Amino acid sequence: YKQWIRPVVFENVRKMLSCRTPVLGCHIYRCCSCGHVELVYHSCKSRFCPTCGKHATEDYYALLRKAYNDSAIRIITSRLRGTDNDNPYELAS
């Protein structure tokens, strides 16, 4: 299947597998009073990553809320009325 999979897919899978691991590096924090050292690993920032993608979605949603003055965002859907059995996929004749 490798011939049908685009290279960008392999790159994003590699990023997700490396997310928050030493492969991507880290920041090192040390407490001045007790000397405790904490490693904070870098994230992959891929929108396909379950962790990073969720954060990106939440940030985008917050941006939308701010742009629309915190008004409720509603999705309006419609469907075609069908025949007597009201099947939305059958058009009335």
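No lab work stands behind these numbers, since they all come straight from the coordinates. Note that the coordinates shown come from a computational prediction; the quantities given were computed from them, not determined experimentally. Using ideal geometry, Cβ is built from the backbone for each residue, glycine included, and neighbour counts are taken over all protein chains shown.
Couple of notes before you dig in:
- Applying the criteria of a DSSP loop state and at most 11 other Cβ atoms within 10 Å to the chymotrypsin sites (Phe, Trp or Tyr not before Pro) of segment 1-34 yields 1, 4.
- Peptides 37-44, 62-69 ranked from most to least packed, by the mean per-residue count of other Cβ atoms within 10 Å: 37-44, 62-69.
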